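Visitor: Take this structure first; my questions come after.
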Amino acid sequence: MTVTPTSPADAGAGVVQPALGSRTRRLLYGSRTLAWLLLLPGLVMVVLFFLAPVVLTAAFSFTNMSTATGVSGGVYQVAPSSISRLKTALPDLADELSQPRYVIDQAGLDALGQTSVPKPLLDELAAKHMGEVFDNRRDAERMIKTLGGRPSTAVVKQISEAFNRSIVNARFSSKTALFEAIDGLGIKATPEQKETIADNTWTGWVWTTGNFERMFASKDALRTMLNTVFYVAMVLIIFNTAYAMFLAIATHYMPDRTSGFFRSLWLLPRITPPVIYVLMWKWVAWDNGFLSMLLAPFGVAPRNWLLDTGTNAWVFVILINGVVGASMGMLVFASALKAIPQSQFWASEVDGASRWQQIVHILLPQLRWPILFITCYQTLSLLASYDYILLATNGGPGGSTEVWSLAAYHTALFNYAGNLDYGYGAAMALVLVIIGITLALLYLRVFNYRALVSRPIIEH
Amino acid sequence: MAASSAPSANFRTWPIVLLLTLLSLPLVVMYIYLFVDTVTDSSTGSLIPDTFTLSHWDFLWHTKVGKPSVWVVLVNTLLFATSTTTVVLLISSMVGYALSRLNVPGRSVLLAGVMVMHAFPSVTLLIAIFVVLQMVGLYNTLIGVILVKAALDLPLGIWLMKGFYDTVPWEIEMAGITDGASRFTVWRRLVLPQVFPALAALGLFAFLSGWSEFILPRVLAPGNNVQVFSVYLASLIADDNNFDLSMFKAVGVFYAIPVIVLFVLFQRHLMNIYGGGTKG
Amino acid sequence: MRILLDHFSKSFGAVKVIEDMNLEIRDGEMLALLGPSGCGKSTTLFSICGIHRVSGGRILFGDNDVTNVPSQLRNVGVVFQSYALYPHMTVRQNIAFPLQVKGLAAADIKQQVSAIAALVHIEELLERRPAQLSGGQQQRVALARALIRKPDVLLLDEPLANLDAKLRLEMRSEIRRLQLETGITAILVTHDQVEAMSMCDRIAIMNAGEIIQIATPSEMYHDPRTEFVAGFLGNPPIAFLKGTAQDGAVLLDKSDIRIPLPGRGRPAGAGRVTLGIRPEDFGPQGDVQIPGTIVFVETQGRENLYDVRLADGGMLRSIQPVRGDLKVGDAVTWAAAGDKIMVFGEDGSRL
């Protein structure tokens, strides 16, 4: 088949015409099926690691989940700790629960049947005393001694132990099992009292609003909140905007090669992995580090400048985060400055503006939107990210540089006590999640989301 | 960068260069000492190195007590960073295209969702993610932390790719479909090659971000078998038994080699990436 | 192949772009869709090739109803305004693409590509990339790619808009040559009346989503159906005068100039009318005398164009062979050819 100038009747003659408009064809060539295929993996990831965690964070924050309760279910266990809790609500019952009971039952008889205890003795016990309950060992053993054949003390002990039906430390997988055991021991309890016992012996997690009550009442939480505000404000104002602007403007007035060098240099901390970057600062601050050695000849005693006082710790925390954070603002502002037509600079210079006047009247007004952008963006990331503080001071000394996100991490994911309080940590995280979503939505409005969405032109 | 911003002849440049040099000096000193300290020793109380030594690099041959071998850590880190990058590139290029060009019901809602997630500080979800991973049994596995890291980088990736797809002329696609190609073929053979620079940039960003990541592996995969470099180095530093700053720095430099190489090769591109509204 | 738009409508959301359009493109004919930007001509073209889905009506290729057939299966060839060449492919790969996605054998493709390259004269460019080609060469590649799968219809969307003046002239005749040689049915979308008139068998002139008139270029020029058509065709454009019809003549506004009307266009009664006089029909010779003052002289080389202001403030244009005796400010009394004067009613339709 060659293409030669022929009549249109020839066109397509040799080609098998596909079945026009058949359904499968349309599915194959249309965009909808493809769209879902392309979206599916992303949607799964988003649901698993964004939506589910947001929902779960909210859910967890209304529980008392911790290492102790576990995250799955639990059991009912009359542990010493639960009894001591019960003592405040039901002192008498708690006392009764903690006492051992001796119940002559089939289970005990069966167990003894496997041992060397004489059979007749057991038969007599079954016949005379089946179902009897003794409040203490002495009463039970007195009864056993009355049995025929005069069992030895060792045998009496063996028998009484077989009927020891103490509920302490027993585990029950359901409420019904727990209640049956209580009834079986002859402990009289009203249904309400039983519920109280169940609540206090449950080892799993329960729903509660206690996390938020604790948070609002806590002095630590207030201090952490103030720390956070201070930290975000200082880093944002001093470095992410002001110093970033200085870097952008300063490099703007340099030849390309020089400005490229300085911008690369100040981008370097952003690219350096945080662990190494913080290590360099530790080298500066530690008691055998750079600062101590540098100041030694002037009679300053070497010390760990990073952690010796709260003030010093803050200086370093702000410096460490600020030097990293300045790079983004620097690059964003620099590209905004680059977008200003060169003629505006020439014009202002011809008009007699000094460099300072040029900065104030030409540069800064055109940076308004980038500044707003950086402020929104960095506020969010400063609120949430804590890796540099974690690595540098870990919130110290004595919690003076503990910020909200780091506190949530310490509460729920890592602390020296080892009891990770997921519920309270989630409640702390939820505060950030809500702030985050609110600010992100606000950010959408400010940066005119509509302009970014246009309809697809190909309509199938 | 175009050569448009020649400094004005009306203003002197050197005072600014001098000022910025002074301000940059501490940073330069920190980086210089990071490298110099790994191969030198200096006498107590002195900042001037006086002997050359390779003893700080001993960790390459001798595994520290209670710590995984540095080579295992290297492999883990490589696996973590490259897998994350692959997942991010694959899914971002797919979802970005669907959102940029295809008729999806609820497209604008999805787009708004991506943008909110992009701005949203995802690390706040870590506690819930930790519990999720424990529930599904992916806690302390590389796969788990790779999926999480990739998922958290996705909104940025999708947004970036969507923006790049937006710049591909519609007429290319129109030509493709009138030439008889299905939308899938159009995407794979006609559109994807046009956004290759974006894929390269996103890949570079995702790799660096994965290579540097600390919090996620620290929380989700702290075990010795799955340890990555950041966690390894942090645990070395936190360990009081073998305190040796120069050794830490040597491990750090070893860890930073790919970062340094990529930084030197792609400085300009990195500046565009990090200046373009990525997380900072 | 004959293309038929049957009660075709297209809207985007609430915006109705085209309502109830009927259009037939005859087998082997080249038809121009001519109109100002935003008139719906590109929308029509994109609906024919399936990029847009129609909101109402049918589209037929021959006897096949393709209304709901995806673009991929419609067998159309499209040349886009920007040519839309795939920048990462060589010219050969570009042209081969439609055959490749069809699954043809490599040898077959190679042969067909060579043949089509010969047809559009780009044999020596096959291994280059689009960025290494001039505008005219890119245009030829786009044509080759559109033609290679022997489409039922060739659609050209402003194909000459991106070329400089000299190349435009060359490609105008080149596209027409290819269309005639292949005998393919073709639709040319353009806003340039010269292109439409010089390249096409018939012109469909569109305005605001409607086809105003379909006719051959010369019919349309000499016998426009509406004021809009008359105004759109012709360069330099036609001049219009406002007036009132009375007793078989038109009295121009605010003046005593009476222009007797030809028998054909005589309005039934009195009323507001617009007269249209083309520049070539107004000059020293003619039967309807109209006095005025020259306000502008434009030298076009072979001819001069004069703008003449009438007493009522209306303006007429005259195009005449170059003469050196007139300058701005001179009073002249030229004449129009009475039988060439067009009369339009208040709604713009020809009387």
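Visitor: Specify the residue that is surrounded by the most Cβ atoms within 10 Å (Cβ to Cβ); the eligible residues are those in the range C:3-21 that are assigned to a strand (DSSP E or B) and small (Gly, Ala, Ser).
Guide: Taking the range C:3-21 and keeping what is assigned to a strand (DSSP E or B), we get C:3-12, C:15-21.
Filter once more, so that each one left must be small (Gly, Ala, Ser): C:9, C:11.
Details: C:9: 17, C:11: 15.
Filtering the range C:3-21 for residues that are assigned to a strand (DSSP E or B) and small (Gly, Ala, Ser), the one surrounded by the most Cβ atoms within 10 Å (Cβ to Cβ) comes out as C:9.
Visitor: From (1) on the phi < 0 side of the Ramachandran plot; (2) assigned to a loop (DSSP other than H, G, I, E, B); (3) within 11 Å of chain B (Cβ to nearest Cβ), pick out the condition that doesn't hold for residue A:394.
Guide: Tallying (1) on the phi < 0 side of the Ramachandran plot; (2) assigned to a loop (DSSP other than H, G, I, E, B); (3) within 11 Å of chain B (Cβ to nearest Cβ), residue A:394 fails exactly one: (1).
Visitor: Still on this structure: Looking at A:233, A:244, which one is more than 7 Å from chain B (Cβ to nearest Cβ), surrounded by fewer than 20 Cβ atoms within 10 Å (Cβ to Cβ) and within 35 Å of the chain's Cα centre (by Cα)? I'd like the intermediate steps shown before the answer.
Guide: On the way: A:244 fails: surrounded by fewer than 20 Cβ atoms within 10 Å (Cβ to Cβ).
Just one listed residue meets the conditions, A:233.
Visitor: Moving on to the next point. Hey, residue A:179 hits all of (1) outside the structural domain of residue A:327 (by TED's automatic domain parsing); (2) hydrophobic (A, V, I, L, M, F, W, C); (3) touching a residue at least 60 places away in the same chain (Cβ under 8 Å) but one; which does it fall short on?
Guide: Evaluating residue A:179 over (1) outside the structural domain of residue A:327 (by TED's automatic domain parsing); (2) hydrophobic (A, V, I, L, M, F, W, C); (3) touching a residue at least 60 places away in the same chain (Cβ under 8 Å) leaves (3) as the failure.
Visitor: May I pose another question? Let me confirm something: among A:310, A:325, which residue is farther than 20 Å from residue B:252 by Cβ, within 9 Å of chain B (Cβ to nearest Cβ) and modelled with pLDDT of 85 or more? I'd like the intermediate steps shown before the answer.
Guide: Working: A:310 fails: within 9 Å of chain B (Cβ to nearest Cβ).
Within the list A:310, A:325, the selection yields A:325.
Visitor: Now, a different point. Being part of a helix (DSSP H, G or I), within 7 Å of chain B (Cβ to nearest Cβ) and modelled with pLDDT of 70 or more is the filter here, so list the residues in the range A:441-460 that pass it.
Guide: Passing the criteria: A:441, A:443, A:444.
Visitor: Among residues belonging to the range A:291-304 that are surrounded by 15 or more Cβ atoms within 10 Å (Cβ to Cβ) and more than 7 Å from chain B (Cβ to nearest Cβ), point out the one that is nearest to residue A:323 (Cα to Cα).
Guide: If we take residues in the range A:291-304 being surrounded by 15 or more Cβ atoms within 10 Å (Cβ to Cβ) and more than 7 Å from chain B (Cβ to nearest Cβ), then A:291 is nearest to residue A:323 (Cα to Cα).
Visitor: Any chance the range A:428-440 includes a residue that's facing another protein chain (nearest Cβ under 9 Å), buried (at least 22 other Cβ atoms within 10 Å of the Cβ), outside any loop (DSSP other than H, G, I, E, B) and in contact with a Gly (Cβ under 7 Å, 6 or more places away or on another chain)?
Guide: No: the range A:428-440 contains no residue that is facing another protein chain (nearest Cβ under 9 Å), buried (at least 22 other Cβ atoms within 10 Å of the Cβ), outside any loop (DSSP other than H, G, I, E, B) and in contact with a Gly (Cβ under 7 Å, 6 or more places away or on another chain).
Visitor: Has the range A:264-286 got any residue that is more than 10 Å from every other protein chain (Cβ to nearest Cβ), assigned to a helix (DSSP H, G or I), under 22 Å from the mean Cα position of the chain (by Cα) and of a type in the set (A, V, I, L, M, F, W, C)? Lay out the reasoning, then the answer.
Guide: So in the range A:264-286, the residues more than 10 Å from every other protein chain (Cβ to nearest Cβ) come out as A:285.
Right, trim to assigned to a helix (DSSP H, G or I) and you get A:285.
Next, only the ones that are under 22 Å from the mean Cα position of the chain (by Cα) stay: none.
No, the range A:264-286 has no match at all.
Visitor: Follow-up question, since we're still on this one. Tally the residues that are in contact (Cβ under 8 Å) with a residue 40 or more places away in the chain, of a type in the set (Val, Ile, Thr) and in a loop (DSSP other than H, G, I, E, B), restricting the search to the range C:54-94.
Guide: 1
Visitor: Does residue A:389 meet the test of being surrounded by fewer than 20 Cβ atoms within 10 Å (Cβ to Cβ), assigned by TED's automatic domain parsing to the domain that holds residue A:327 and in contact (Cβ under 8 Å) with a residue 60 or more places away in the chain?
Guide: On the way: surrounded by fewer than 20 Cβ atoms within 10 Å (Cβ to Cβ): no; assigned by TED's automatic domain parsing to the domain that holds residue A:327: yes; in contact (Cβ under 8 Å) with a residue 60 or more places away in the chain: yes.
For residue A:389, the condition - surrounded by fewer than 20 Cβ atoms within 10 Å (Cβ to Cβ), assigned by TED's automatic domain parsing to the domain that holds residue A:327 and in contact (Cβ under 8 Å) with a residue 60 or more places away in the chain - is not met.
Visitor: Among the aromatic types (Phe, Trp, Tyr) and in contact with a Leu (Cβ under 7 Å, 6 or more places away or on another chain): does that describe residue B:97? Break it down into steps so the answer makes sense when it comes.
Guide: Numbers: among the aromatic types (Phe, Trp, Tyr): yes; in contact with a Leu (Cβ under 7 Å, 6 or more places away or on another chain): yes.
So residue B:97 fits the description; yes.
Visitor: Moving on. Suppose we filter C:10, C:41, C:16 for residues that are touching a helix residue (DSSP H, G or I) at 6+ places or on another chain (Cβ under 6 Å), basic (Lys, Arg) and touching a residue at least 40 places away in the same chain (Cβ under 8 Å); which single one remains? Write out each step before concluding.
Guide: Values: C:41 fails: touching a helix residue (DSSP H, G or I) at 6+ places or on another chain (Cβ under 6 Å); C:16 fails: touching a helix residue (DSSP H, G or I) at 6+ places or on another chain (Cβ under 6 Å).
Going through C:10, C:41, C:16 in turn, the sole match is C:10.
Visitor: Here is a follow-up. Grab the helices (runs of 4 or more DSSP H) fully contained in the range C:95-199, keeping just those with 1 or more residues being in contact with a Lys or Arg (Cβ under 8 Å, 6 or more places away or on another chain).
Guide: Values: elements: C:106-119, C:135-147, C:165-182, C:193-199.
Answer list for the range C:95-199: C:106-119, C:165-182, C:193-199.
Visitor: Also, I was wondering about something else. When the residues of the range B:97-121 are narrowed to those that are part of a helix (DSSP H, G or I) and touching an Asp or Glu at 6+ places or on another chain (Cβ under 9 Å), which ends up farthest from the other protein chains (Cβ to nearest Cβ)? Working first, answer last.
Guide: Start the filter on the range B:97-121 by keeping residues that are part of a helix (DSSP H, G or I), which leaves B:97-101, B:107-119.
Filter once more, so that each one left must be touching an Asp or Glu at 6+ places or on another chain (Cβ under 9 Å): B:100-101.
Numbers: B:100: 8, B:101: 6 Å.
Selected residue: B:100.
Visitor: Something else about it: Between residues in the range A:345-368 that are surrounded by 18 or more Cβ atoms within 10 Å (Cβ to Cβ) and residues that are acidic (Asp, Glu), which pairs lie under 8 Å by C-beta distance while being six or more apart or on different chains?
Guide: A:358/A:349
Visitor: Hey, can you tell me all the residues within the range C:1-32 that are within 21 Å of the chain's Cα centre (by Cα) and of a type in the set (Val, Ile, Thr)?
Guide: C:3, C:17, C:18, C:25
Visitor: Kindly establish whether residue A:409 is at the interface with another protein chain (Cβ under 9 Å from one of its Cβ atoms) and closer than 25 Å to residue A:66 by Cα. So that I can check it myself, show each step before the final result.
Guide: Values: at the interface with another protein chain (Cβ under 9 Å from one of its Cβ atoms): yes; closer than 25 Å to residue A:66 by Cα: yes.
Yes; evaluated as a whole, the condition is true for this residue.
Visitor: Continuing with this model, one more query. For the range B:34-46, state whether one or more residues are in contact (Cβ under 8 Å) with a residue 12 or more places away in the chain, exposed (fewer than 12 other Cβ atoms within 10 Å of the Cβ) and within 30 Å of the chain's Cα centre (by Cα). Reasoning before the result, please.
Guide: Filtering the range B:34-46 down to residues in contact (Cβ under 8 Å) with a residue 12 or more places away in the chain leaves B:34-41.
Of the ones still in play, those that are also exposed (fewer than 12 other Cβ atoms within 10 Å of the Cβ) are none.
Checked the range B:34-46: no residue is in contact (Cβ under 8 Å) with a residue 12 or more places away in the chain, exposed (fewer than 12 other Cβ atoms within 10 Å of the Cβ) and within 30 Å of the chain's Cα centre (by Cα).
Visitor: While we're here: Take the range C:75-111 and flag every residue that is surrounded by 22 or more Cβ atoms within 10 Å (Cβ to Cβ), in contact with a Ser or Thr (Cβ under 9 Å, 6 or more places away or on another chain) and not hydrophobic (A, V, I, L, M, F, W, C).
Guide: C:77, C:98, listed by residue number.
Visitor: Follow-up question, since we're still on this one. Checking residue C:178 against (1) under 18 Å from the mean Cα position of the chain (by Cα); (2) within 12 Å of another protein chain (Cβ to nearest Cβ); (3) surrounded by 17 or more Cβ atoms within 10 Å (Cβ to Cβ); (4) on the phi < 0 side of the Ramachandran plot: exactly one of these is not met. Which one?
Guide: Condition (1) is where residue C:178 drops out.
Visitor: Please work out if residue A:228 is assigned to a helix (DSSP H, G or I), more than 9 Å from chain B (Cβ to nearest Cβ) and within 30 Å of residue A:304 (Cα to Cα). Let's see the steps before the verdict.
Guide: Numbers: assigned to a helix (DSSP H, G or I): yes; more than 9 Å from chain B (Cβ to nearest Cβ): yes; within 30 Å of residue A:304 (Cα to Cα): yes.
For residue A:228, the condition - assigned to a helix (DSSP H, G or I), more than 9 Å from chain B (Cβ to nearest Cβ) and within 30 Å of residue A:304 (Cα to Cα) - is met.
Visitor: Does any residue in the range B:235-250 that is at pLDDT 85 or above come within less than 6 Å, Cβ to Cβ, of a residue that is of a type in the set (D, E, K, R) six or more places away or on a different chain, and which pairs are these?
Guide: B:246/B:37; B:249/B:37
Visitor: Okay, next question. From the list C:341, C:277, C:319, C:257, which residue is surrounded by 15 or more Cβ atoms within 10 Å (Cβ to Cβ) and more than 21 Å from residue C:231 (Cα to Cα)?
Guide: Working: C:341 fails: more than 21 Å from residue C:231 (Cα to Cα); C:277 fails: more than 21 Å from residue C:231 (Cα to Cα); C:319 fails: more than 21 Å from residue C:231 (Cα to Cα).
Exactly one of C:341, C:277, C:319, C:257 is surrounded by 15 or more Cβ atoms within 10 Å (Cβ to Cβ) and more than 21 Å from residue C:231 (Cα to Cα), namely C:257.
The values are calculated or read from the model by the stated rules, or taken from the named source; none is laboratory data. Note that this is a predicted model, so its numbers are computed, not measured. Counting neighbours? That spans all protein chains shown, and the Cβs are built from the backbone with ideal geometry, glycine included.
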